[in-house]
Amino acid sequence: MRKVGVIGPEDSVKRILAANQRFTPPLQLIPLIYEDIEQAPHLIKENLTHIDGWLFSGPAPYLKAVQQIKDLDNVVYCSFSGAGLYRCFLQIANIQKFVLDGLSIDIPENENLREAIEDLGIPLNESYINSYGADCNAERLVDFHLTLWKSGKTKAAISSLGAVYKALGALGVPVYRNTVTTASIREALQVLSERLTTAYFKSTQVGFQIIEIGNYDQLIEKTNSPYELQFVELNIKKDLLGHAEKLSAYLLEKGHGVYELFSSRGTIELELPALRSVIRKISSDIDIQMHVGIGFGNTVASAHSNASRAILHAKKGSAEKIIIIQEDGIVVEVADQSGELSYLDHSDDLCLLNKLHEAKVSVRTYKRILATVNHRGWDSFTSSQLAEELSSSERNIRRIITGLCEVNLIESAGEGYTCARGRPSRLYRFSPETVVPHTGK
């Protein structure tokens, strides 16, 4: 059973543990309790190596600590809902005999609690709301509530942070705790359970790697004799055997500078940084670019088929990168400096296919351009920018852009300067009607 770290203050973590006992099947929860929210990132660091998923008691610890986690697929937090806030309003009406007048409220950002207040249809007269994000600070929030109450501007406080609730209570301020509901906890447990199940099946998929010397004939020319060539190949094989050992994989030498390994998807993904280091070392040693294609699939045959497609993609362009083709056909380009770029290299959109055929541009090229623009967050771009990103000549990129402009997939966006000196460059952007997500069809 996979282990889930539960991050939060003691009372919130206890509620999550209690809800998990009624959850079927229960998750293996590891309570990681903090007294101060600033401790949340340290709890992540200390337990990162042996925890498979993370459940935060609310958005505050999530925002505070989430940057410590690289893979967010198995990370969930319990969300606030209007129900918790309404409970506080009822408690105030019952205990202090007033309704929604003179309140100070702290709420996390992006939790739609302002909408919940508006949905009541009752105005919050002379009330004050403080929204916090990743920079939330308990002392500042205490000061926010305390100052308003001492000045007579408020009659009570509502806090979404346990530390603020306790501090205000100790200072004699009438304070009420806004907590996540049991239904929200159950929903978070359900989402996390589904994600962990998905991650398990993905990790047990087959992964196939094809590693190839970019120009084997060049390597032959560089060596002075067949024996020297064999020594070079033995050193390459030694480096790859070290990588294979980490994967618990079998290394198969196919000849002419081609090597194959297969292992589980989870292990291959985990060792991608190590693979990049090995490839960089081999490329440096032989002064020839290496190509890597990785395929994932539910069977060895499908994984090998995807790896064969991936190695063909890797051979295109001048930049050294690792190409992965997943079981769903999504292509992932892994490069050191630009991060990961994901796209589908095919489409079933007949209108798009007809336009690309007319423009004489392949689906893969179009999807790579679209994914690059999305990845970089560009509103507009130049041909030189695309050429650099796609490791292509500017002349070729201009030809592609011209074709896409002729079929209205890309349009002119005026001119702009990309450097301090020189003539302005022509800018382009995707046409407004071209709405295709980077992994879409």
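The values are calculated or read from the model by the stated rules, or taken from the named source; none is laboratory data. Since we're looking at a predicted model, the values are computed, not measured. Neighbour counts are summed over all protein chains in view; Cβ atoms, including those assigned to glycine, are modelled from backbone coordinates with ideal geometry. With ligands, DNA and RNA removed, areas are computed over all heavy atoms of the protein, side chains included. Shrake-Rupley method; radii C 1.70, N 1.55, O 1.52, S 1.80 Å.
I'd like the carbon and sulfur percentage of the solvent accessible area for the chain, probe radius 1.4 Å, heavy atoms only, ligands and nucleic acids excluded. Carbon-and-sulfur percentage of accessible area, whole number: 50.
In terms of the Cα gyration tensor, with a ≥ b ≥ c the square roots of its eigenvalues, is the range 1-108 rounded because a/c is under 1.5, prolate because a/b exceeds b/c, or oblate?
prolate
Stretching R140 away from Q218 to a fully extended chain increases their span by 21.5 nm, per 0.36 nm per residue minus the current alpha-carbon distance. With each label modelled as a point 7 angstrom along the Cα→C-beta vector, the L272-D239 pair spans 2.1 nm.
In this entry, the chain is assigned a mean projected area of 28.9 nm², taken as a quarter of its C-alpha convex hull surface. The separation of the range 342-384 from the range 104-136, counted between C-alpha centres, amounts to 42 Å.
Once the chain from L72 to C405 is taken as fully extended at 0.36 nm per residue, the excess over their C-alpha distance is 116.1 nm. Protection proxy ranking for 143-155, 162-174, using the average of other Cβ atoms within 10 Å per residue and placing the highest first: 162-174, 143-155. Annotation: extensible slack from E126 through S425 equals 102.2 nm (criterion: 0.36 nm per residue apart, minus Cα-Cα distance). With r defined as the distance between the Cβ atoms of S384 and C351 and R0 fixed at 25 Å, what FRET efficiency is calculated, to the nearest 0.05? Efficiency for this residue pair is about 0.25. The relative contact order of the chain comes to 9 percent, based on Cα pairs under 8 Å that sit 6 or more residues apart.
Please report how far the C-alpha centroid of the range 288-318 lies from that of the range 148-197, rounded to the nearest whole angstrom. After rounding, the separation between the Cα centres reads 50 Å.
Counting only residues 5 or more places away or on other chains, whose amide H sits under 5 Å from the amide H of S160 once H atoms are built in the peptide plane? Long-range HN contacts for S160: D106, N178. Check cross-link reach from K97 to the lysines: straight Cα distance under 19 Å, and skip same-chain residues fewer than eight apart. Correct list for K97: K153, K155. Peptides 209-215, 391-397 ranked from most to least packed, by the mean per-residue count of other Cβ atoms within 10 Å: 209-215, 391-397. Rounded to the nearest angstrom and listed largest first, the equivalent-ellipsoid semi-axes of the range 201-253 from its Cα gyration tensor are 29, 13, 6.
Karplus-derived 3J(HN,Hα) values for the range 320-326, using 6.51 cos²θ - 1.76 cosθ + 1.60 with θ = phi - 60°, are 7, 8, 9, 10, 10, 10, 7 Hz; glycine and proline are entered as x.
Across the range 218-224, computed HN-Hα scalar couplings (Karplus, 6.51 cos²θ - 1.76 cosθ + 1.60, θ = phi - 60°) run 5, 5, 4, 5, 6, 8, 8 Hz from first to last residue, x flagging Gly and Pro. With angles folded into 0 to 90 degrees, how steeply does helix 272-286 sit against the dominant principal axis of the chain? Use alpha carbons for both and round to 10. On a 0 to 90 degree scale, this one is about 30. With a Förster radius of 45 Å applied to the beta-carbon distance between V258 and E187, the computed FRET efficiency rounds to 0.35.
What percent antiparallel are the DSSP beta bridges of the chain, to the nearest 5? The answer is about 55 percent antiparallel. Bridgeable aspartates and glutamates around K254 (alpha carbons under 14 Å apart, same-chain partners fewer than 8 residues away excluded): E212, E233.
Taking each DSSP H run with n ≥ 4 as -39500 (n - 2.57) and averaging over every residue of the chain yields -14000 deg cm²/dmol at 222 nm.
Per-residue packing, averaged as other Cβ atoms within 10 Å, sorts the ranges 195-203, 288-296 into the order 288-296, 195-203, beginning with the highest.
Across the range 39-44, rounded Karplus estimates of 3J(HN,Hα) from the backbone phi angles (6.51 cos²θ - 1.76 cosθ + 1.60, θ = phi - 60°) give 7, 4, x, 5, 5, 5 Hz, Gly and Pro being marked x.
For the chain, the per residue solvent-accessible surface stands at 52 Å², with DNA, RNA and ligands left out and a 1.4 Å probe.
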